Each structure stands twice: as structure tokens, then as C-alpha cells.
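The values are calculated or read from the model by the stated rules, or taken from the named source; none is laboratory data. Keep in mind that what you see is a predicted model, and the values were worked out from it rather than measured. Backbone-built Cβ (ideal geometry, glycine too); neighbour counts: all protein chains shown. Just so you know, the surface numbers come from the protein's heavy atoms only, side chains and all, with ligands and any DNA or RNA stripped out. Shrake-Rupley method; radii C 1.70, N 1.55, O 1.52, S 1.80 Å.
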Amino acid sequence: MAAGAAELRRLQWRLEELEQRVGGGDGACGPRKVADEMVKVQVALSNIAGKRERIKILFKKIEDVIKYLDPQYIDRMAVPDAMKLQFILAEEQVIPSRAALLEQVKNLQPILDSASIQAVPDHAAKLQRLSQIHIQQQEQRQELTDRVKMLLEDYNKMTLLLSKQFVQWNEMLTQLEMAKEAKPVAE
């Protein structure tokens with residue numbers, strides 16, 4: 001009984017504190033109580049709801065929505081044993097494989113608890129740095145590849161030009177040799 005009275009005093013103090021904060025407490029608007037204002041709003045909403053049929057239906061559905069949103073609702077909802085049995089029987093084929101997988105996870109748990117796995121967050125900074133180095137090296141490799149490609153293209157152009165020049169010189173030399181051979185025969 002004393003605990004209930006103490007709880008009531010605490011709630012009354014909290015309500016007064018809330019009224020003080022909301023109302024400002026300076027008395028400029030007169031003594032306004034939050035509870036009184038809430039009653040006025042409730043009466044106004046009830047009057048509006050009484051006049052319109054759609055709003056009545058909406059107010060009825062709000063209670064259902066609040067009930068369904070309650071986290072305890074699923075716990076209160078009873079699933080019959082027959083339904084539970086049907087769930088189990090429907091999953092009968094996969095239950096042994098899942099049990100085997102759970103056993104495998106249980107056996108591998110020491111590996112997850114090992115020092116190597118526990119140190120993974122410590123290595124994140126090193127991995128980040130190595131990733132940055134890898135990205136830089138990829139960029140450098142691409143630049144080097146482009147430069148080598150350009151040099152090979154220049155080399156191929158130069159080789160082609162030199163080949164054409166040698167062919168031209170060979171043709172000129174052949175013509176000169178033929179002209180030289182043709183002159184002594186004519187003399």
C-alpha cells in the first residue's frame with residue numbers, strides 16, 4: 001500500500017514537472033494543466049468521431065493496430081500443438097542435415113575462438129594499407145603498359161619506315177647496276 005502511494009506521488013510529481021515545462025510555469029496564460037488540455041482534445045476527437053462513420057471505423061481499427069504492434073502479441077498468440085506437429089513433420093527431411101551442420105559448427109567453434117581469428121580486427125589497418133599499395137601498383141602497371149605499348153608502336157613504325165627505305169635503296173642500286181652493265185655492252 002505504501003509502495004502504491006509512493007508511486008502515485010512520484011507520478012504526480014512527474015506530471016507537475018511536465019506541466020511546468022510545457023506550460024512555461026510563468027502564469028501568463030493562466031493556470032493551464034496538461035491533463036485538462038488532453039481531456040479537451042479527447043472530447044473534441046470523440047465529437048468528430050461521433051459525427052462521421054468513417055472516423056468511427058478508423059478509431060476501432062487503431063486499437064487493433066496497437067494490439068498487433070505490441071511485441072508481446074506473438075507471445076500471447078497460442079499456436080496449437082497440432083500445428084506445431086505439422087511444422088515439425090514438414091521439416092522432417094531437413095532436420096537431420098541441419099543438426100549435422102550445427103554439430104559441425106559446434107566442432108569448429110574453437111577455430112573461431114583462436115588467436116588468429118580474434119586478431120583479425122587488428123590486421124584491418126594493415127590490410128587497408130596493403131590495399132592502397134595494391135591499387136597504386138595497379139595504376140603504375142597500367143601506366144607502364146601504356147608506355148610500353150606506345151614504344152612498341154613507335155618501334156613498329158620505325159621498322160616499317162626503315163624497311164621501305166631499304167627497299168627503295170635496293171631498287172635504286174639494282175637500277176644503277178643494270179644501267180652500269182648495259183653501258184659496257186653498248187660500247
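Calculated accessible area for segment 111-170 comes out at 94 Å² per residue, all protein chains present (probe 1.4 Å; ligands, DNA, RNA ignored). Model label points for ILE111 and ALA90, set 7 angstrom from Cα along the Cα-to-Cβ axis, are 3.4 nm apart. Once the C-beta distance of ARG52 and ARG14 is scaled by a Förster radius of 41 Å, the resulting FRET efficiency is 0.70 to the nearest 0.05. Using a simple spin-label model with pseudo-atoms 7 Å out from Cα toward Cβ, ILE74 and LEU152 lie 6.1 nm apart.
In this label model, ALA6 and GLN168 are separated by 11.1 nm, measuring between points 7 Å along each Cα→Cβ vector.
The charge dipole of the chain, taken about its Cα centre with unit charges on the Cβ atoms of Lys, Arg (+1), Asp and Glu (-1) only, comes to about 1040 debye.
Dipole of segment 39-92 computed with +1 at Lys/Arg Cβ and -1 at Asp/Glu Cβ about the Cα centre; of ILE66, PHE87, VAL41, farthest Cα towards the positive end is VAL41. Ordering LEU160, GLN142, ALA124 by Cα displacement along the dipole of segment 111-175 toward the positive end leaves LEU160 in first place; charges were set at the Cβ atoms of Lys, Arg (+1) and Asp, Glu (-1). By a 1.4 Å probe calculation restricted to protein chains, LYS180 has an accessible surface near 150 Å², given to the nearest 10.
Ligands, DNA and RNA left out, the accessible area of segment 44-177 computed with a 1.4 Å probe is 63% carbon and sulfur.
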